[in-house]
1. From the list Gly266, Gly214, Gly258, pick out the single residue that is part of a loop (DSSP other than H, G, I, E, B) and without any contact (Cβ under 8 Å) to a residue 40 or more places away in the chain.
2. With respect to Leu413, is the statement that it is under 17 Å from Ala267 (Cβ atoms) and outside the structural domain of Gly242 (by TED's automatic domain parsing) true?
3. Show the residue pairs meeting these rules: Cβ distance below 8 Å; 6+ apart or different chains; first residue within the range 174-187 and more than 16 Å from Gly481 (Cβ to Cβ); second residue modelled with pLDDT of 95 or more and of a type in the set (Lys, Arg).
4. Residues being in contact with a His (Cβ under 8 Å, 6 or more places away or on another chain) and in contact (Cβ under 8 Å) with a residue 60 or more places away in the chain: count how many of those fall in the range 23-74.
5. Can you tell me which of Gly258, Gly184, Gly231, Gly158 is modelled with pLDDT of 95 or more and surrounded by 24 or more Cβ atoms within 10 Å (Cβ to Cβ)?
6. Would you point out the residue of the range 478-514, among those that are modelled with pLDDT under 80 and basic (Lys, Arg), that is farthest from the chain's Cα centre (by Cα)?
7. Which residue pairs have Cβ atoms under 8 Å apart, sit 6 or more places apart or on different chains, and have a first residue in the range 454-466 that is over 15 Å from Val126 (Cα atoms) and a second that is of a type in the set (Lys, Arg) and at pLDDT 90 or above?
8. In this structure, is Phe177 in contact with a strand residue (DSSP E or B) (Cβ under 9 Å, 6 or more places away or on another chain), within 22 Å of Gly27 (Cβ to Cβ) and surrounded by 20 or more Cβ atoms within 10 Å (Cβ to Cβ)?
Amino acid sequence: MKSEPSPVRDPVAAQATPRDLGHFIAGRFVPGNSGRTARVYNPTTGMVAANIALASSTETQTAISAADAALPGWRGTTPLARARILFRFKELVERNAAELAGLITAEHGKVLGDARGELTRGLEVVEFACGIPHLLKGEFSENVGSDVDSWSLRQPVGVCAGVTPFNFPTMVPMWMFPIAIACGNTFVLKPSERDPSPPLRLAELLQEAGLPDGVFNVVNGDKEAVDTLLGDPRIGAVSFVGSTPVAEYIYSEGSRHGKRVQALGGAKNHMVVMPDADLEMAVSALMGAAYGSAGERCMAISVAVAVGDIADSLVARLAERVQSLRVGPGTDAAVDMGPLVTGNHRDKVLGYVDAGVAEGATLVVDGRRLRVAGFEEGFFLGGCLFDDVTPEMRIYREEIFGPVLCVVRVPDLDSAITLVNRHEYGNGTAIFTRDGDSSRRFTQRIEAGMIGINIPIPVPMAFHSFGGWKRSLFGPLHMHGADGVRFYTRLKTVTGRWPTGPAQRAEFSMPTMK
């Protein structure tokens with residue numbers, strides 16, 4: 001296997017000569033040989049920044065073979081030794097944070113501050129995984145029967161795979177692989193082909209931290225690579241984050257092949273604003289939650305539910321703030337929002353805005369005509385704000401994944417709860433209120449996996465678990481936290497005793513009966 005020099009160090013290299021990106025297998029960069037490639041764009045300029053190789057089934061199997069070969073040695077490594085490698089990896093990520101944030105902004109488009117925040121949230125999971133010697137401790141019960149003890153072990157699943165989205169090219173992979181490898185598994189990552197440089201750089205830093213060859217591999221590709229991961233019997237577990245149709249496919253196909261699967265799908269996160277809410281706080285929260293990262297977040301708030309007579313004031317304040325959004329290159333410290341990731345995705349979001357107008361929603365702020373001086377070919381779209389949205393409209397039903405906020409008006413809290421619960425997605429939701437009773441009713445009755453009270457984006461910390469309900473999650477276990485350890489380990493319970501004295505006669509009852 002030919003080793004390649006690092007291709008990811010300079011994301012702002014001359015755009016006239018796009019870089020060629022391959023894979024990271026068995027501890028080194030390797031070029032692609034399938035003959036198929038995809039373009040990686042600089043979303044600020046609209047120019048091609050790199051050509052990414054799309055792995056064939058054979059190349060994907062090579063990565064699986066590398067992970068499988070590394071498994072016995074890594075599984076036999078003590079949890080403390082694994083944790084020490086993760087400590088070194090954490091230090092290297094922190095030392096190279098500026099470079100990693102630059103890679104994210106160069107290929108995704110989000111502003112540098114948001115890119116740094118993404119890294120921080122990923123590092124929190126690494127910090128959690130560094131405690132794996134404690135997290136893998138089992139339980140012990142003495143004398144469950146006469147001279148019989150019982151204890152439990154958590155052991156690795158084997159070779160694990162992760163399929164991750166474009167919107168968080170470092171954070172979402174770091175929600176998966178640190179816990180997986182800390183638990184003694186090896187890993188094959190299939191990141192988004194839209195922004196592959198950040199995960200490739202993470203692979204390089206893991207190697208620098210002392211991770212053995214083959215424990216962590218990156219295969220860039222499309223459906224062919226994913227289907228190979230889902231069908232290969234050497235893969236024991238698959239984690240996925242992305243759209244609901246793909247999540248459902250991965251869950252059904254992975255389960256059909258006997259794998260454990262956690263597949264996080266789409267979202268339509270609502271934020272309920274009660275009449276007693278702090279209006280300025282609610283508006284500021286909506287601005288960050290709806291338009292941060294150009295709305296390309298699975299935890300973005302895309303529906304504001306205005307309860308009662310607060311609606312007119314809420315829309316008026318929002319309109320003023322959306323019109324003043326500063327949109328431009330993510331490297332500009334004065335900018336609030338960067339471009340969307342690709343031209344095709346921008347055009348898809350534009351189609352939703354057009355559909356909302358056609359269906360009769362009131363487009364209070366129209367960002368479709370935005371042009372950024374000097375970056376006219378970039379994939380920019382201004383913030384859009386709809387009022388008078390109803391549940392029958394496409395812009396309400398479907399996940400837009402762009403800088404579009406819909407306002408739905410309801411008369412009371414019960415109507416708001418009913419509205420949220422009737423939606424097919426149940427990822428995250430929030431309520432803004434000063435009233436404890438309202439927040440308690442909301443928390444108890446709402447059908448969603450993550451809830452914020454005066455917090456617009458209620459992403460749990462790494463020592464809790466992340467996941468939704470309904471068609472936002474396929475599989476029983478959430479991501480990272482205690483559920484992450486459960487997902488990447490298999491439970492084994494041992495019941496035993498050491499005989500003493502003369503041999504005992506045959507027993508025909510459970511030992512706990514005595």
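1. Details: Gly266 fails: without any contact (Cβ under 8 Å) to a residue 40 or more places away in the chain; Gly214 fails: without any contact (Cβ under 8 Å) to a residue 40 or more places away in the chain.
It is Gly258.
2. no
3. Ile181/Arg82; Gly184/Arg75; Gly184/Arg82; Asn185/Arg75
4. 7
5. Sole residue among the options that is modelled with pLDDT of 95 or more and surrounded by 24 or more Cβ atoms within 10 Å (Cβ to Cβ): Gly184.
6. Arg505
7. Ile457/Arg297; Val459/Arg121
8. Numbers: in contact with a strand residue (DSSP E or B) (Cβ under 9 Å, 6 or more places away or on another chain): yes; within 22 Å of Gly27 (Cβ to Cβ): yes; surrounded by 20 or more Cβ atoms within 10 Å (Cβ to Cβ): yes.
Yes, satisfied.
The values are calculated or read from the model by the stated rules, or taken from the named source; none is laboratory data. These figures come from a predicted structure and were not determined experimentally. Positions of Cβ are backbone-derived with ideal geometry, glycine not excepted, and every protein chain shown enters the neighbour counts.
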